[in-house]
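Trainee: Have a look at this one.
The values are calculated or read from the model by the stated rules, or taken from the named source; none is laboratory data. This one's a predicted model, so the numbers in the text were calculated from it and none came from an experiment. All Cβ positions, glycine included, derive from the backbone under ideal geometry; neighbour counts span all protein chains shown.
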């Protein structure tokens with residue numbers, strides 16, 4: 001997702017090795033000049049596909065899909081159909097271009113949640129989106145995911161680790177690469193490494209990861225009708241938040 005806010009009306013909360021994702025978002029993430037960043041993001045998608053475990057007949061929703069890179073990954077699995085929801089107009093254009101390059105009938109792009117029927121997806125994923133939202137929109141988004149998942153479905157959420165030792169290594173790497181987030185300083189890096197609160201922009205969309213605390217997000221799950229089943233990490237499953245850059249939550253709907 002991008003740094004511009006979506007329109008208020010839209011803010012509800014066969015192998016394909018040749019399919020490529022191009023555009024501004026891809027240049028920032030998948031085609032980044034940093035080998036470390038490309039590895040981190042590539043590994044994140046590998047872990048997401050493994051945890052989703054797409055099966056024949058599955059209908060999967062990628063919530064906040066951006067340019068649709070996850071749809072490319074899903075199109076190479078046995079799942080029946082993948083849907084990408086992206087409310088930001090500029091990224092929606094990139095998403096449409098991605099879907100057009102995939103085999104017919106394997107994926108579709110939607111810009112509004114009103115286009116999606118409740119309880120219609122076997123699996124829902126939301127990768128690196130919620131860290132950009134304030135708490136009330138995080139809850140709205142999680143509630144929407146729970147509503148869209150089938151009663152026996154699963155929801156997979158990933159967010160970056162921006163506190164503790166993992167954040168220290170990450171921010172030092174950002175400094176070395178000169179790819180820091182807005183507001184980064186030695187003081188904010190230190191506070192994040194110690195797990196202390198770092199002030200965040202109070203708008204509806206926060207482009208910077210600085211100050212995001214995944215522990216606060218975890219408090220939203222039960223209130224959104226979701227039950228946490230397990231945590232996983234990327235790029236390595238071991239060592240938890242110490243050396244990893246992303247945390248994954250595998251959730252199910254509350255009974």
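Trainee: Given the conditions (1) under 20 Å from residue 50 (Cβ atoms); (2) surrounded by fewer than 16 Cβ atoms within 10 Å (Cβ to Cβ); (3) modelled with pLDDT of 95 or more, report the number of the one that residue 74 does not fulfil.
Mentor: Here residue 74 clears every test but (2).
Trainee: Could you say which residue among 176, 192, 222 is closer than 21 Å to residue 141 by Cβ, out of contact with any strand residue (DSSP E or B) (no Cβ under 8 Å at 6 or more places or on another chain) and in a helix (DSSP H, G or I)? Write out each step before concluding.
Mentor: Details: 176 fails: closer than 21 Å to residue 141 by Cβ; 192 fails: closer than 21 Å to residue 141 by Cβ.
Residue meeting the stated conditions: 222.
Trainee: Right, another one. Take the stretch 107-126 and flag every residue that is more than 19 Å from residue 222 (Cα to Cα) and surrounded by 14 or more Cβ atoms within 10 Å (Cβ to Cβ).
Mentor: 107, 108, 109, 110, 111, 112, 113, 116, 120, 121, 122 - these are the residues of the stretch 107-126 that are more than 19 Å from residue 222 (Cα to Cα) and surrounded by 14 or more Cβ atoms within 10 Å (Cβ to Cβ).
Trainee: Among the residues of the stretch 245-254, is any surrounded by fewer than 17 Cβ atoms within 10 Å (Cβ to Cβ) and farther than 21 Å from residue 49 by Cα?
Mentor: Yes: one or more hits.
Trainee: Also, quick follow-up: How many residues does the stretch 117-135 contain that are outside any helix (DSSP H, G or I) and under 19 Å from the mean Cα position of the chain (by Cα)?
Mentor: Looking only at the stretch 117-135, we keep the residues that are outside any helix (DSSP H, G or I), and these are 117-129, 133-134.
Still in the list and also under 19 Å from the mean Cα position of the chain (by Cα): 121-129, 133-134.
Within the stretch 117-135, residues that are outside any helix (DSSP H, G or I) and under 19 Å from the mean Cα position of the chain (by Cα) number 11.
Residue-wise test of (1) touching a helix residue (DSSP H, G or I) at 6+ places or on another chain (Cβ under 8 Å); (2) assigned to a helix (DSSP H, G or I); (3) surrounded by fewer than 16 Cβ atoms within 10 Å (Cβ to Cβ).
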residue	(1), (2), (3)
51	no, yes, no
57	no, no, yes
61	yes, no, no
66	yes, no, no
70	yes, yes, no
98	yes, yes, no
105	no, no, yes
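Trainee: Restricting to the stretch 195-219, and then to whatever is farther than 13 Å from residue 164 by Cβ and part of a helix (DSSP H, G or I), can you tell me which residue is farthest from the chain's Cα centre (by Cα)?
Mentor: Going through the qualifying residues, I end up with 216.
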